[in-house]
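The values are calculated or read from the model by the stated rules, or taken from the named source; none is laboratory data. Computed from a prediction, not measured in an experiment: that's the story for all the values here. All Cβ positions, glycine included, derive from the backbone under ideal geometry; neighbour counts span all protein chains shown.
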Amino acid sequence: MPAQVETAVFGGGCFWCIEAVFQQIEGVLRADSGYAGGHVERPTYEQVCEGNTGHVEVVSITYDPAVIDYHELLEIFFASHDPTTPNRQGNDVGPQYRSAIFWQTPAQQEAAREVIADLQARNVFGAPIVTELLPPSTVWPAEDYHRDYFLRNPGQGYCAFVVAPKVAKMRKNFAHKLKKT
């Protein structure tokens with residue numbers, strides 16, 4: 001285990017996609033799917049999918065800041081989803097799929113503000129970024145069957161048609177950041 005580890009918490013649509021992307025990044029020690037930001041303790045997937053618990057599907061990323069820094073994680077996060085669509089990513093619709101960053105420290109909050117301002121100034125997405133910057137929140141772990149979902153089910157329909165293209169795009173754009181096999 002590295003001398004120091006940090007945590008980043010991102011919501012960018014279905015957590016299967018975000019988890020699959022970050023599991024392949026050098027310096028990421030863990031990428032765990034869960035739920036954050038809601039008002040129900042220990043929510044279930046079914047409760048969150050109803051859209052009234054206030055939770056976001058998130059991935060809690062444990063990383064080694066000596067290998068990859070928070071700015072780099074933000075760069076990958078914004079390249080891995082559409083941060084301009086409120087409460088949706090593609091066909092996944094509902095408040096649980098909104099784009100959100102749960103900053104863990106004031107430094108992360110400031111870094112996220114800076115990255116968003118830069119992306120907006122350069123008009124990278126051609127539309128306003130709606131990513132919410134939210135304070136730390138309990139991340140309730142997703143049910144076991146959600147963990148490593150893409151790794152265990154690459155041929156499943158959603159994985160093949162939604163997750164795989166996002167992973168392929170990330171692998172192309174961030175080849176220099178991939179874990180060595």
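In the range 81-130, the qualifying residues are those that are of a type in the set (Val, Ile, Thr) and over 17 Å from His55 (Cβ atoms), and the one that is modelled with the lowest pLDDT is Thr85. Looking across the range 119-136, just one residue is under 13 Å from Ala36 (Cα atoms) and surrounded by fewer than 12 Cβ atoms within 10 Å (Cβ to Cβ), and that is Pro135.
Does Thr53 meet the test of being at pLDDT below 95, crowded, with 17+ Cβ neighbours inside 10 Å and of a type in the set (Val, Ile, Thr)? Judged against the criteria, Thr53 is not a match.
The residues on offer are Tyr45, Tyr63, Tyr35, and the sole one that is aromatic (Phe, Trp, Tyr), surrounded by fewer than 23 Cβ atoms within 10 Å (Cβ to Cβ) and touching a residue at least 12 places away in the same chain (Cβ under 8 Å) is Tyr45. For Gly126, the criteria (1) in a loop (DSSP other than H, G, I, E, B); (2) under 30 Å from Pro106 (Cβ atoms) hold in every case but one, which is (2). If you check Gly27, Gly90 for being farther than 30 Å from Pro2 by Cα and over 11 Å from the mean Cα position of the chain (by Cα), only one passes: Gly90. Restricting Gly11, Gly27 to residues that are on the phi > 0 side of the Ramachandran plot, modelled with pLDDT of 95 or more and crowded, with 16+ Cβ neighbours inside 10 Å narrows the list to Gly27. Each residue in the range 144-180 was checked for being part of a loop (DSSP other than H, G, I, E, B) and over 16 Å from Arg30 (Cα atoms), and 5 pass. Put simply, of Asp32, Asp64 the only residue that is touching a Gly at 6+ places or on another chain (Cβ under 8 Å) and either within 30 Å of Thr181 (Cα to Cα) or of a type in the set (Ser, Thr, Tyr) (or both) is Asp64.
Contact map, the range 124-138: first residue of a type in the set (Gly, Ala, Ser), second residue assigned to a loop (DSSP other than H, G, I, E, B) and at pLDDT 95 or above, Cβ cut-off under 6 Å, separation 6 or more or different chains; pairs are Ala127/Thr84; Ser137/Gly37.
Filter the range 48-60 for residues that are of a type in the set (Gly, Ala, Ser) and without any contact (Cβ under 8 Å) to a residue 60 or more places away in the chain and give the result. Those that are of a type in the set (Gly, Ala, Ser) and without any contact (Cβ under 8 Å) to a residue 60 or more places away in the chain: Gly51, Gly54. Output the residues belonging to the range 1-58 that are among the small types (Gly, Ala, Ser) and over 16 Å from Pro95 (Cα atoms). Within the range 1-58, Ala3, Ala8, Ala20, Gly27, Ala31, Ser33 meet the criteria.
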